[in-house]
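Okay, structure first, notes after.
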Amino acid sequence: MSEQRFGEHVVVRRHEYVAEFVLDRPKAMNAVSTAMARSIGAACRALGDDPDVRVTVLTSTHERAFCVGADLKERNSFSDAELVRQRPTTRAAYTGVLELPMPTIAAVHGFALGGGFELALACDLIVADATAVVGLPEVSVGVIPGGGGTQLLPRRVGAARAAELVFSARRVEADEARELGLVDQLVEAGRDREEALALATRIAGNSPVGLRAAKRALRLGQGLDLRSGLDVEDAAWRAVAFSGDRAEGVAAFNEKRKPVWP
């Protein structure tokens with residue numbers, strides 16, 4: 001297993017074809033400071049440029065939190081001008097996770113609030129353990145979800161449910177979160193990372209070309225009318241249909257063997 005650090009608060013560990021993207025600011029429950037946002041963006045750029053990464057799993061080193069959102073202690077010291085200057089850095093961090101080209105899984109335990117839950121929402125799948133508490137409480141401190149929450153949450157749970165959760169600013173515990181579709185898989189306490197990595201390993205056994213094209217079709221097709229969505233799907237199909245992965249996959253199926261993706 002190799003390891004690369006991005007700044008003080010982000011580590012990327014490689015488990016063969018799976019990258020573990022580790023939020024590592026335990027003294028602040030992974031609150032996203034300017035420096036940490038910069039590191040998240042840098043790690044995303046590096047992962048996006050690495051063709052060998054088939055799946056990325058977002059994890060946390062804090063035993064009681066995935067991420068509690070923006071660093072409000074730092075924000076409290078900002079002037080209006082400083083807040084404006086910080087915004088592109090913060091936005092690039094959340095967009096960086098959202099735009100990773102390979103499938104992404106968030107492994108959530110404890111608190112995933114505000115920007116912390118938005119980091120999870122930016123992933124394709126969320127595996128949460130029984131201790132998870134999620135929510136977007138931004139309106140309770142005079143702002144709105146600004147890391148993609150107002151757009152990603154309704155795509156998960158529908159407009160009315162998202163409105164109730166954003167307007168009420170309430171925290172949702174694990175069982176209800178699974179029931180509402182705020183998380184995709186609920187596991188025993190302490191097993192979120194293990195189960196997310198196991199899921200990632202299963203996914204990583206599939207065609208890397210196919211995985212990225214499928215993600216592109218799923219993401220780009222959201223919100224489009226059916227005809228336009230099918231055009232997006234057709235473009236993604238054409239990108240893989242004549243690839244080495246397609247040839248190997250069909251050959252391996254017919255030869256009853258495990259594919260060796262080129």
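The values are calculated or read from the model by the stated rules, or taken from the named source; none is laboratory data. Everything numeric here is computed off the predicted structure, so don't read it as measured data. Because the Cβ atoms are built from the backbone with ideal geometry, glycine has one as well, and the counts that use them run over all protein chains shown. For the accessible areas, the whole protein counts, side chains as well, though only heavy atoms, and no ligand, DNA or RNA atoms are used. Shrake-Rupley method; radii C 1.70, N 1.55, O 1.52, S 1.80 Å.
The table below lists the values:
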quantity: Members of the stretch 13-29 that are within 15 Å of the chain's Cα centre (by Cα) and either over 24 Å from Leu113 (Cβ atoms) or not hydrophobic (A, V, I, L, M, F, W, C) (or both); calculated: Val18, Ala19, Glu20
quantity: Residue pairs meeting the criteria (Cβ under 6 Å; at least 6 apart or on separate chains; first touching a residue at least 40 places away in the same chain (Cβ under 8 Å), in the stretch 89-104; second β-branched (Val, Ile, Thr) and part of a loop (DSSP other than H, G, I, E, B)); calculated: Met102/Val53
quantity: Members of the stretch 187-200 found to be open to solvent by 60 Å² or more (accessible area, probe 1.4 Å) and either at pLDDT below 95 or over 16 Å from the mean Cα position of the chain (by Cα) (or both), listed by number; calculated: Glu188, Ala189, Gly190, Arg191, Glu194
quantity: Unique match (being under 19 Å from Pro101 (Cα atoms), of a type outside the set (Gly, Ala, Ser) and open to solvent by 40 Å² or more (accessible area, probe 1.4 Å)) among Asp184, Asp175, Asp245, Asp234; calculated: Asp234
quantity: Some residue of the stretch 57-76 being within 13 Å of Ala19 (Cβ to Cβ) and of a type in the set (Asp, Glu); calculated: no
quantity: Search result, residues across the stretch 103-136 that are of a type in the set (D, E, K, R) and either closer than 22 Å to Pro208 by Cα or not in a helix (DSSP H, G or I) (or both); calculated: Asp124, Asp129
quantity: Check on Arg13, within 12 Å of Val97 (Cα to Cα), open to solvent by 20 Å² or more (accessible area, probe 1.4 Å) and either modelled with pLDDT of 95 or more or not basic (Lys, Arg) (or both); calculated: no
quantity: Condition met for Arg227 (among the basic types (Lys, Arg) and closer than 20 Å to Ala19 by Cβ); calculated: no
quantity: Unmet requirement for Val57, which otherwise passes all of (1) at pLDDT 95 or above; (2) within 25 Å of Val134 (Cβ to Cβ); (3) surrounded by fewer than 19 Cβ atoms within 10 Å (Cβ to Cβ); calculated: (3)
quantity: Of all residues making up the stretch 1-54, the number that are farther than 14 Å from Thr104 by Cα, part of a strand (DSSP E or B) and of a type in the set (Asp, Glu); calculated: 1
quantity: Residues that are in contact (Cβ under 8 Å) with a residue 40 or more places away in the chain, open to solvent by less than 60 Å² (accessible area, probe 1.4 Å) and more than 14 Å from Ala70 (Cα to Cα), drawn from the stretch 131-151; calculated: Ala132, Val133, Val134
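So that you can scan it fast, the table gives a plain yes or no per residue for (1) without any contact (Cβ under 8 Å) to a residue 40 or more places away in the chain; (2) part of a helix (DSSP H, G or I); (3) of a type outside the set (S, T, N, Q):
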position: Leu186; (1), (2), (3): no, no, yes
position: Ala189; (1), (2), (3): no, no, yes
position: Glu194; (1), (2), (3): yes, yes, yes
position: Arg216; (1), (2), (3): no, yes, yes
